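Here's the structure we're looking at; comments come further down.
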Amino acid sequence: MIFDFFLEYSFKSSKSKSEDMILFSRESMYDHIVGKENTIPFKNGYCTTLNRRDFNDSFFRSGSKYLWIFGYVYTNKRYESTTGHPVSIVTAQDLFDLISRHPEQWQYFIKGSYVIVILDEQENRVNAYTDFLNVLPLYYAFDGDNLIISSNTALMLRRPWVDRTPDRLALVMQQLFDYLLGEHYFVKGIRRMENARCYSFDADGLKKHVYWDVENLKHDKLLPKDKSLNLLSDQLKENVNLYADYANPVLVSMTGGFDGRANVAMLDRNPESFKCYSYGMNGSKQIRIPQRVAEEIGINYEPIYLDSEFLDQYKYLSRQTSYFSNGTAQVGFANKPYAYSKLNKYSDTIITGLFGSEILRPIHNLQIQVNDQSFAIYLGNNVREGIRKAMDNVSGFDFLDFSVYDCEEELYRFIMNNYCDKYKDHDYITRFFFFIIQEGIRKYFSQEISLERVFVTTKFPYYDIDLVELIYRTTWAGMYNGFFFFF
């Protein structure tokens with residue numbers, strides 16, 4: 001699996017950039033990161049990557065065409081029903097062949113957590129395709145000639161042509177929601193690739209194509225409860241074992257919550273071939289509950305104690321948190337590099353319960369994926385008044401040279417264009433669910449998954465497009481059940 005990616009290309013210049021290549025191995029922050037670096041030079045640029053396992057699983061070249069898989073890809077249920085071939089892992093060569101056989105449909109035949117980058121030197125074009133629910137993003141900078149696509153924004157900013165002007169709206173979004181919306185990033189010269197998109201770069205500019213939308217999840221006719229329970233449990237079990245199948249041994253997250261324990265229950269493996277883990281303070285429920293469960297059912301379990309050693313390393317871990325999440329993760333996420341730098345000595349792959357209850361349950365205000373600000377904007381009678389109320393909630397925080405109120409009109413246009421006007425045929429509760437799925441859940445957990453990528457491959461059976469699409473065909477989906485409470 002490729003877990004770090006840096007492609008640099010010029011569409012109008014024939015000069016190779018190989019004499020000034022950016023390499024991960026030259027960066028001090030990667031000193032303790034385990035991965036093999038591979039650099040592919042070409043006429044007008046180069047691509048350097050870090051990967052675990054076999055690089056040829058993630059890269060393929062045929063003539064003037066180069067294909068990289070950032071993340072991991074599987075075929076999906078639609079492909080299975082169309083071809084009769086069971087769902088399975090997809091290598092870069094497999095994917096190249098799939099694109100050749102099904103040039104108009106191939107995006108709808110795969111799933112996983114990925115960005116696929118294809119360079120065609122003959123056509124002088126770079127295309128990037130993101131998965132349906134993308135939480136492992138790449139970023140791009142493009143000035144009409146020079147292009148960078150990368151997982152590391154700090155390295156992108158090494159190039160003087162990248163616009164470093166602060167994106168004020170992005171900063172306000174972060175302050176209001178705790179994550180950035182849309183393609184926004186902290187500087188104007190860098191954009192985040194969004195889910196279910198094709199980005200096509202060439203000498204004539206950038207073209208974007210959206211091939212799936214969260215609105216596709218909404219159904220008027222739902223499956224019966226008994227049937228849907230069986231279908232959901234079967235699909236989740238398939239996902240858990242599919243994602244674990246290509247890792248031996250494998251790590252399985254097991255906190256005090258239900259989602260992780262459900263993964264453990266559905267895993268059809270010899271207990272000697274996997275290890276459960278959790279991290280927390282000694283004596284906390286994050287340690288006590290999984291420890292007790294593991295003892296009772298006889299499985300391997302390793303607690304990661306956030307003790308004095310963790311505190312001694314906290315400053316360095318916080319730097320890692322910020323750097324590898326591209327500035328999006330909170331300092332409190334420092335426990336993740338600490339835990340996974342220890343756990344990856346056992347396995348490079350984890351199965352996690354992330355997203356489970358978040359995509360199933362009705363809305364309630366957790367102050368994370370949704371908070372007082374998103375409630376005010378999306379559930380009030382007037383969007384403008386809601387934005388002003390949301391800004392009042394955070395008005396104690398001032399930026400160096402501007403106020404959140406300076407972006408009020410710009411945020412209003414963004415919300416109206418992307419949610420209120422776009423989904424005007426839906427009620428306000430459904431629109432709010434579209435926002436939560438498209439922005440809240442993805443963007444919040446993306447911080448964690450982006451950070452973890454340099455230590456382990458994080459696989460999440462719940463946020464799998466086969467399961468998510470099935471969930472929203474059943475009455476169990478939170479979208480059809482409203483709220484636990486609201487205010």
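The mean sequence distance of close C-alpha pairs (under 8 Å, at least 6 residues apart), as a share of the length of the chain, puts its relative contact order at 15 percent. By a 1.4 Å probe calculation restricted to protein chains, K424 has an accessible surface near 150 Å², given to the nearest 10. Other residues whose C-beta falls under 10 angstrom from the C-beta of G63 contribute a net charge of 0, scoring Lys and Arg +1 and Asp and Glu -1.
Remark on R361: its backbone amide H falls under 5 Å from those of G478, a criterion applied only to residues 5 or more positions apart or on other chains, H modelled at 1.01 Å from N. Computed from the C-beta positions of Q313 and N38 and an R0 of 22 Å, the FRET efficiency is 0.15 to the nearest 0.05. Shown are K77, K422, whose ranking by accessible area with a 1.4 Å probe and every protein chain present, most to least, is K422, K77. Computed packing ranks the peptides 31-40, 165-174, 111-120 as 111-120, 165-174, 31-40, most packed first, by mean other Cβ atoms within 10 Å. Reported to the nearest whole Å, the Cα centre-to-centre distance from the range 279-307 to the range 192-257 is 29. Looking at the range 275-420, the accessible area is 48 square angstrom per residue; that uses a 1.4 Å probe and ignores ligands, DNA and RNA. Counted residue by residue at 0.36 nm each, then reduced by the alpha carbon distance between them, the extension gain from R159 to D398 reaches 83.1 nm. The lysines within cross-link reach of K336, meaning a Cα-to-Cα straight distance under 16 Å and a gap of 8 or more places when in the same chain, are K315, K345, K459.
With a cut-off of 8 Å between alpha carbons and a minimum separation of six or more residues, what is the relative contact order of the range 154-233 in percent? Walk me through the numbers before you get to the answer.
On the way: 66 pairs, mean separation 14.1, N = 80.
Rounded, it is 18 percent for the range 154-233.
Taking N as the number of residues in the chain, what is its alpha-carbon radius of gyration divided by 2.2 N^0.38 Å? Its radius of gyration relative to the 2.2 N^0.38 Å reference: 0.96. Excluding same-chain neighbours fewer than eight residues apart, the lysines reachable from K225 by a Cα-Cα span under 22 Å are K77, K237. For K43, the lysines whose Cα falls under 26 Å of its own Cα, not counting residues fewer than eight places away in the same chain, are K12, K15, K17, K65, K207, K208.
Taking R0 as 45 Å, what FRET efficiency do you get between L229 and D20 from their Cβ-Cβ distance, rounded to the nearest 0.05? Show your work: numbers first, answer last.
On the way: r = 58 Å, r/R0 = 1.28.
After rounding, the FRET efficiency stands at 0.20.
Provide the net charge surrounding F435, with neighbours chosen by a C-beta distance below 15 Å and charges set as Lys +1, Arg +1, Asp -1, Glu -1. Spell out each step's value before the answer.
On the way: positive: K218, K422, K424, R431, R442, K443; negative: D178, E194, D213, E215, E358, D372, D421, D427, E439.
Spelling it out: positives minus negatives among the neighbours equals -3.
What's the ranking of 398-405, 347-354 by average number of surrounding C-beta atoms within 10 Å, highest first? Walk me through the numbers on the way to the answer.
Values: 398-405: 12.8, 347-354: 23.9.
The peptides rank, most packed first, as 347-354, 398-405.
Computed over the chain, the per-residue total of -39500 (n - 2.57) for DSSP H runs of n ≥ 4 gives a 222 nm mean residue ellipticity of -9000 deg cm²/dmol, rounded to 500.
Quick one: net charge around V250, please, counting Lys, Arg +1 and Asp, Glu -1 for every other residue with C-beta under 14 Å from its C-beta.
Charge balance near V250 sits at +1.
The values are calculated or read from the model by the stated rules, or taken from the named source; none is laboratory data. Please read all numbers here as calculations on a predicted model, not as lab measurements. Reconstructed Cβ throughout: ideal geometry from the backbone, glycine too, with neighbour counts over all protein chains shown. Only protein heavy atoms, including side chains, enter the accessible area calculation; ligands, DNA and RNA are left aside. Shrake-Rupley method; radii C 1.70, N 1.55, O 1.52, S 1.80 Å.
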